[in-house]
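> If you scroll down you'll find the structure; I have some questions about it.
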Amino acid sequence: MLDIRARLAIDADRIEQAASACEIVVGCIESLQRSLATLDGLQRSLLACEDGQPIELHTTAVKSQLSSQLESVASILRTLGDASEEVSRVGAAMERQALT
């Protein structure tokens, strides 16, 4: 019984570490999105008289990819949070069962 509880604690710790890492990735992607928006504004200012479409298409594609990755990481983060809660519930139930 102790082995299972110890294993659940280890799994819960790993889930929390993964969730923390995902939060960092989400923050980085959001920062990149803000930076790209700033870059896009600067690009428009610098290329107001020139045809800057190829660069604009590239930044649009990168923004789209970042948005997609942000959604994926956010989904993973939600799943890890759910898993962490479930592991905690199972551990608490096992603890109660061991006391009875």
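The values are calculated or read from the model by the stated rules, or taken from the named source; none is laboratory data. Since this is a predicted model, take the numbers as computed values, not measurements. Heads up, the Cβs are rebuilt from the backbone with ideal geometry, glycines too, and the neighbour counts pull from every protein chain shown.
> Do we have any residue at all in region 23-31 that's within 30 Å of MET94 (Cβ to Cβ), modelled with pLDDT of 80 or more and part of a helix (DSSP H, G or I)?
Yes, region 23-31 has at least one match.
> Anything in region 12-39 that is of a type in the set (A, V, I, L, M, F, W, C) and more than 14 Å from ALA74 (Cβ to Cβ)? List them, or say none.
ALA12, ILE15, LEU32, LEU36, ALA37, LEU39
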